[in-house]
Number of protein chains: 10
Amino acid sequence: MTPIMSKSDAADLVVAARVRKGLTWAQIADQLGAPVVWVTAALLGQHPMTPEQAQTVCGLLDLDDAVAESLRSQPARGTEPAIMNDPTIYRFVEALSVYGPALKELIHEEFGDGIMSAINFKIDIARRPDPDGDRVVVTFDGKFLDYRW
Amino acid sequence: MTPIMSKSDAADLVVAARVRKGLTWAQIADQLGAPVVWVTAALLGQHPMTPEQAQTVCGLLDLDDAVAESLRSQPARGTEPAIMNDPTIYRFVEALSVYGPALKELIHEEFGDGIMSAINFKIDIARRPDPDGDRVVVTFDGKFLDYRW
Amino acid sequence: MTPIMSKSDAADLVVAARVRKGLTWAQIADQLGAPVVWVTAALLGQHPMTPEQAQTVCGLLDLDDAVAESLRSQPARGTEPAIMNDPTIYRFVEALSVYGPALKELIHEEFGDGIMSAINFKIDIARRPDPDGDRVVVTFDGKFLDYRW
Amino acid sequence: MTPIMSKSDAADLVVAARVRKGLTWAQIADQLGAPVVWVTAALLGQHPMTPEQAQTVCGLLDLDDAVAESLRSQPARGTEPAIMNDPTIYRFVEALSVYGPALKELIHEEFGDGIMSAINFKIDIARRPDPDGDRVVVTFDGKFLDYRW
Amino acid sequence: MTPIMSKSDAADLVVAARVRKGLTWAQIADQLGAPVVWVTAALLGQHPMTPEQAQTVCGLLDLDDAVAESLRSQPARGTEPAIMNDPTIYRFVEALSVYGPALKELIHEEFGDGIMSAINFKIDIARRPDPDGDRVVVTFDGKFLDYRW
Amino acid sequence: MTPIMSKSDAADLVVAARVRKGLTWAQIADQLGAPVVWVTAALLGQHPMTPEQAQTVCGLLDLDDAVAESLRSQPARGTEPAIMNDPTIYRFVEALSVYGPALKELIHEEFGDGIMSAINFKIDIARRPDPDGDRVVVTFDGKFLDYRW
Amino acid sequence: MTPIMSKSDAADLVVAARVRKGLTWAQIADQLGAPVVWVTAALLGQHPMTPEQAQTVCGLLDLDDAVAESLRSQPARGTEPAIMNDPTIYRFVEALSVYGPALKELIHEEFGDGIMSAINFKIDIARRPDPDGDRVVVTFDGKFLDYRW
Amino acid sequence: MTPIMSKSDAADLVVAARVRKGLTWAQIADQLGAPVVWVTAALLGQHPMTPEQAQTVCGLLDLDDAVAESLRSQPARGTEPAIMNDPTIYRFVEALSVYGPALKELIHEEFGDGIMSAINFKIDIARRPDPDGDRVVVTFDGKFLDYRW
Amino acid sequence: MTPIMSKSDAADLVVAARVRKGLTWAQIADQLGAPVVWVTAALLGQHPMTPEQAQTVCGLLDLDDAVAESLRSQPARGTEPAIMNDPTIYRFVEALSVYGPALKELIHEEFGDGIMSAINFKIDIARRPDPDGDRVVVTFDGKFLDYRW
Amino acid sequence: MTPIMSKSDAADLVVAARVRKGLTWAQIADQLGAPVVWVTAALLGQHPMTPEQAQTVCGLLDLDDAVAESLRSQPARGTEPAIMNDPTIYRFVEALSVYGPALKELIHEEFGDGIMSAINFKIDIARRPDPDGDRVVVTFDGKFLDYRW
């Protein structure tokens, strides 16, 4: 009996195979017919895949069954603090530190006392051409949940 | 000589006046002709206002010059960690913890090595009606900056 | 213009009045016709009250309008870490540290990939007589939310 | 001489065997005749098992004696902070952050100065059907202990 | 309406009165007919006193009713980390850091899986004459509680 | 040349051998003619043993010379914070958090300005039968050291 | 007798007077005939000023002697962590996180084992026009100190 | 399939090869025709290299293709806190702690509300001869970015 | 009844009076006939003074009885972490970080298993002229205490 | 190509060889003709050795070239926090916590605004016989560096 390969080891193998085969995350997502942020997050270890999804990815990337088993398994979600300080990720953290309390005020004003769900939730990223330099546009889209006793 | 009123004290007075006068953040933003998230963040202490903006707000809310002086002053930006754990704000933090590394991968894939600026940046919030429950849609929109030596 | 009284100052006054008048939390909750854990949490600063609820409480406890205004205001929720180490609260923290991963496994087994909502949520406490010593029974009751993209 | 297998390694093997054999935690608990939260927690490393329990589990899951020895051994209890931030577990942590001080007030009101034991304690989880979405119901049930010098 | 005086303010006044009147903690405990560690801890804010105890202390120390009301109130227990680093307290912390795991092993060996209660618990301090220098002897005495589901 | 086996690896082997041979810590201490808390702490890596003690233990437990060399070596003392949160150890930590400042007051009152040594120090644990449930009695016994310039 | 005004209070008054009089830091530095970064840092509380410097500043800004006394006093240097997260300061922190180990390698390569002094040290900031957007140029200039026993 | 060699392992091999071949970082940078701080940082794992750069380095240092693949890969940037406390790096951290708020004031005074980019950014180090001891001169040079909604 | 003035407030008044009267710490120590580091530390709040010492200091500095009462009171010792990062203090912290493990090895080699007491302890500071720049010489001098059960 | 052996692994081998050969740190220092604290710190990984020193040590201790290469390499200096809590090291940390601010005052009084260098620095340890128990005497000796712009 061996343990299930860790999500982190599986992600390392997925990344290595993806790079060596010259595939983009978008191409993998296309093959799966699933949204690209979801697919990327899942392959990095944040969501369990269905057996079919795991099989498709491993076929595409020539990865063996142990990886597929890991991709199907239930994750413990979250990212270690050191990684959150990477500049590309930190800018989002900084934006929340600057605008978080304003978002809270406006959610309460528009919807009442409650939250944007991070579970019934999707997130997308797009490139918007701009003559002053193209822009990264990231959309958080979650169901409003009101405090309801 | 007295110190400039702190941004935090000014924000407390703005909030009190806003509530007592029954004004929304959106109405204040309309009066200023400026985006509502920016206005809310500025009034909570995250951006300096121009003298005209500060005057307009204080006129609208019957706040005295000391508040206007504080609103014009340059802030030290950021939010204390305890506030980031408020559930309404924390859901955004959690979403970054789950999707941050995926966003990083996809920014690099689409744009190359760099970041979404948090300075040349705007953020918006909207309500999207949905039969399964309306949704909070928050859009981060920042200029891509590539690592350029 | 004065700031809105902080939730913490309002809670201190509510506690002082409650003790001096010899009222229980349960009696206050009865007057409000609302669940006792919700009422206690709200009066300690974790939920906004309706104007009617705030008025009723302040009438009952002889507290002035500034307290009522504070009770109506929107809170930043959460408790500082030092208080979470009080022994009576810490035992719940410890129980989560011991049983949290098991609860996670069993939620996934029974419901699938998702969470118990802490927003569409209620909590109750009861005393259960037991010949070996009465027992504290606390029930967390939240809607299951599945990860749904 | 080799060290006793760590509780964490044993848990990884139990989880792998459970998944590959298609057994639920509930089925394992049934075989042991013990409560399912206790069994799950014990197999994840939070409680020592009796030799008979350990033997039953290893027989059921085809795990060897080294795993059984580990399951019998005395644990150092607790969960690392990173895991407590997994969304499924964090909701319980958040609920305590919001309702912990209220529970403390109500325990003192109903029972006097003391705590709910986390040792003479049991915890259960159930699914409650609800037309608005089924609910996760978790019950903490511990003996009241009064401060007694 | 004024808030109840904080336990910390009450303790400051008790300490000041005790010093100025030249009373020892032991003398105060004698007047109360209660154990000296319990009395000292209670007056420093870690236990609620009965109305009679609070009255006796305030009479003895010429403190007014606001102090007595504070002494009767229910505390949030615990000591801030900075104080735990005071050398006189830190030596106990260090001893636990060196001997804590050994105590755990020996509690399990002698009593089985469980803990020493910190609630059904008393602690005493004594001076033991010794020709090589008198010794501080501190006794922790708590009921054993076994993990009992 | 190989490094000296770490204290932690040696402790793991001692624990494994002790369990498999069915020996108690008390029996090992008897063989060494040394106090049981000291012996347990030393075998868990908190004190160096003499060559004779190390040899006796390794003979008794059938452990090889590499373990004995490790047991003789000088430790870096202390326990990692995660272990201090194990419930059996944490109750002592909590007791210090509640009673530490009182102990400080009483040491100063009885002995003057100084500390209980944690070096010229011994600690013992005993079981005291009690009809309401047996009690864990732990005695800290250290030489008083006064601040002496 | 009153305490010396804190450096932080003095800095708040300097900032308020500077803003209200419409003076720049550069103009104040010119009046003092001292480098602008040094002057700004000193007025924010990081360096003691000579009596003449303190007098000149207070004359220029109409601040009273209590401020001058504070400006002359010896500071405890450093900035609280929350301020270091302000985006304008954080970019320097981030740059050190990315390039710190490289600077260390190159100092050792060019100078040998040692450090750049932060005491025998000056720092300057300049604006460098650039058609792609002007640049902030900050120069750290410290004496090399080699590890010398 | 094997994972891509970690940046940290690649850096260890680069450092070992560089030392054993007696090459300086400056010589490697010369071979690459790239700035020495950039090259050093990239080889320590903070920047991805182009395939040509990675090939050149590995040829120069006799390192195999697995290293080159790692050097080409996208990093998670940043340095662990323990390394930031190395004295040679810490002096820069200390300088920021002393002068950071002054730099912030002067950037705002000269450029307006904004930041020095750490992305459109270069950094250089030089030795400046000085009769009182040569000096380490480090220049941070980043594009000014104004807060622009 | 008023609380005893805090050690920190008393230290602020001592420092203000010392500066305004132009006295050095050494002169105060001379008046007390006590070692200068001890006196300075005591006046900064780290040691209780005898009534005579407190009286002498307050006479010398024209401070009132409330200060003397505070100087006599028992301190909670230690310095907050932010102050330990002041560069003048931090260099000692850094030296311990570099040489602490070496000191430990050499204490064990020369004295056996034990510590240098920080209680039966004195510390002195002196200036040693040196043609290359005068030197700060700080001597820690504490009784060796062996681990003695 | 293999990485250079880590300083920590080299130190483990030096310690093992030293113990097994029955050599003291002082004897090794004598062989090197270098101060014993410097030698011990260097062998524990805090200073690079010259090739001759590294060779001498490895010859004396029968360690191979890989160790010598590691001893010559440039360290990242500092000690992990857990080790700083070892009682033998912690007493120095505690002494700084008690006397650090006093040392700062006295350095400023005697030398002016500046620091004791931790780079142009030496440290020594000696045993001073004393009838009341021998004493550990540790001398920090660093060049004074004044803040000099």
Report summary line: Across (1) surrounded by 15 or more Cβ atoms within 10 Å (Cβ to Cβ); (2) touching a residue at least 12 places away in the same chain (Cβ under 8 Å), I:P51 clears everything bar (1)
Query raised in the report: Would a scan of the range I:2-9 turn up a residue that is more than 14 Å from chain E (Cβ to nearest Cβ), closer than 23 Å to I:I123 by Cα and surrounded by 16 or more Cβ atoms within 10 Å (Cβ to Cβ)?
Result: no
Query raised in the report: Can D:G142 be described as at positive phi and outside the structural domain of D:A29 (by TED's automatic domain parsing)?
Result: no
Requested in this report: Taking only the range C:12-44 into account, find how many residues are in contact with a helix residue (DSSP H, G or I) (Cβ under 9 Å, 6 or more places away or on another chain) and facing another protein chain (nearest Cβ under 9 Å).
Outcome: 20
Report task. Note down all Cβ pairs under 7 Å where the first residue falls in the range E:103-122 and is part of a strand (DSSP E or B), the second is polar (S, T, N, Q), and they're at least six residues apart or on different chains. Result -> E:I115/F:T88
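If I filter the range A:62-80 for residues that are within 12 Å of B:F92 (Cα to Cα) and either out of contact with any helix residue (DSSP H, G or I) (no Cβ under 9 Å at 6 or more places or on another chain) or surrounded by 17 or more Cβ atoms within 10 Å (Cβ to Cβ) (or both), do I get at least one hit?
First pass over the range A:62-80, keeping only residues within 12 Å of B:F92 (Cα to Cα): none.
Looking for residues that are within 12 Å of B:F92 (Cα to Cα) and either out of contact with any helix residue (DSSP H, G or I) (no Cβ under 9 Å at 6 or more places or on another chain) or surrounded by 17 or more Cβ atoms within 10 Å (Cβ to Cβ) (or both), one finds none in the range A:62-80, hence no.
In the range B:99-126, how many residues are out of contact with any Pro (no Cβ under 8 Å at 6 or more places or on another chain) and farther than 14 Å from A:T139 by Cα? So that I can check it myself, show each step before the final result.
Within the range B:99-126, the first condition is being out of contact with any Pro (no Cβ under 8 Å at 6 or more places or on another chain), and the residues that meet it are B:99-112, B:114, B:116-117, B:120-121, B:123, B:125-126.
Now drop any that are not farther than 14 Å from A:T139 by Cα, which leaves B:101, B:104-105, B:108-112, B:114, B:117, B:120.
Number of matching residues: 11.
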Report summary line: Counting only residues that are in contact with an Asp or Glu (Cβ under 9 Å, 6 or more places away or on another chain) and not small (G, A, S), the range B:14-31 contains a total of 6
Query - When residues of the range A:95-129 are limited to those that are more than 7 Å from chain B (Cβ to nearest Cβ) and farther than 30 Å from C:H108 by Cβ, the one surrounded by the most Cβ atoms within 10 Å (Cβ to Cβ) - result: A:H108
**Report entry** Any chance D:V57 is assigned by TED's automatic domain parsing to the domain that holds D:A29 and not hydroxyl-bearing (S, T, Y)
**Finding:** yes
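Can you name the residue in the range B:130-149 that is part of a strand (DSSP E or B) and more than 7 Å from chain A (Cβ to nearest Cβ) and is also farthest from the chain's Cα centre (by Cα) among such residues?
Looking at the filtered set, the residue picked out is B:R148.
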Query raised in the report: Looking at this structure, is F:F92 surrounded by 22 or more Cβ atoms within 10 Å (Cβ to Cβ), in contact (Cβ under 8 Å) with a residue 24 or more places away in the chain and closer than 15 Å to E:G114 by Cα?
Result: yes
Query - Test: residue in the range D:97-112 that is under 27 Å from B:Y90 (Cα atoms), touching a Lys or Arg at 6+ places or on another chain (Cβ under 9 Å) and not aliphatic (A, V, I, L, M) - result: yes
Report summary line: Log entry, pairs with first residue in the range E:64-79 being more than 8 Å from chain C (Cβ to nearest Cβ), second being crowded, with 18+ Cβ neighbours inside 10 Å and hydroxyl-bearing (S, T, Y), beta carbons closer than 6 Å, six or more apart or on different chains, reads E:T79/F:S97
**Report entry** First in the range G:1-29 and more than 15 Å from G:L44 (Cβ to Cβ) and free of Cβ contacts under 8 Å to residues at least 60 places away in the same chain, second anywhere and of a type in the set (A, V, I, L, M, F, W, C) and assigned to a loop (DSSP other than H, G, I, E, B), Cβ under 8 Å, 6 or more apart
**Finding:** G:M1/I:L63
Query - The one condition in (1) of a type in the set (K, R); (2) under 25 Å from A:V136 (Cα atoms); (3) under 16 Å from the mean Cα position of the chain (by Cα) that B:R72 fails to fulfil - result: (2)
Report task. Test A:V137 against the criterion of being β-branched (V, I, T), under 28 Å from B:A29 (Cα atoms), touching an Asp or Glu at 6+ places or on another chain (Cβ under 9 Å) and surrounded by fewer than 23 Cβ atoms within 10 Å (Cβ to Cβ), and give yes or no. Result -> yes
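The values are calculated or read from the model by the stated rules, or taken from the named source; none is laboratory data. Computed from a prediction, not measured in an experiment: that's the story for all the values here. Note that each Cβ is placed from the backbone with ideal geometry, even for glycine, and that neighbours are counted across all protein chains shown.
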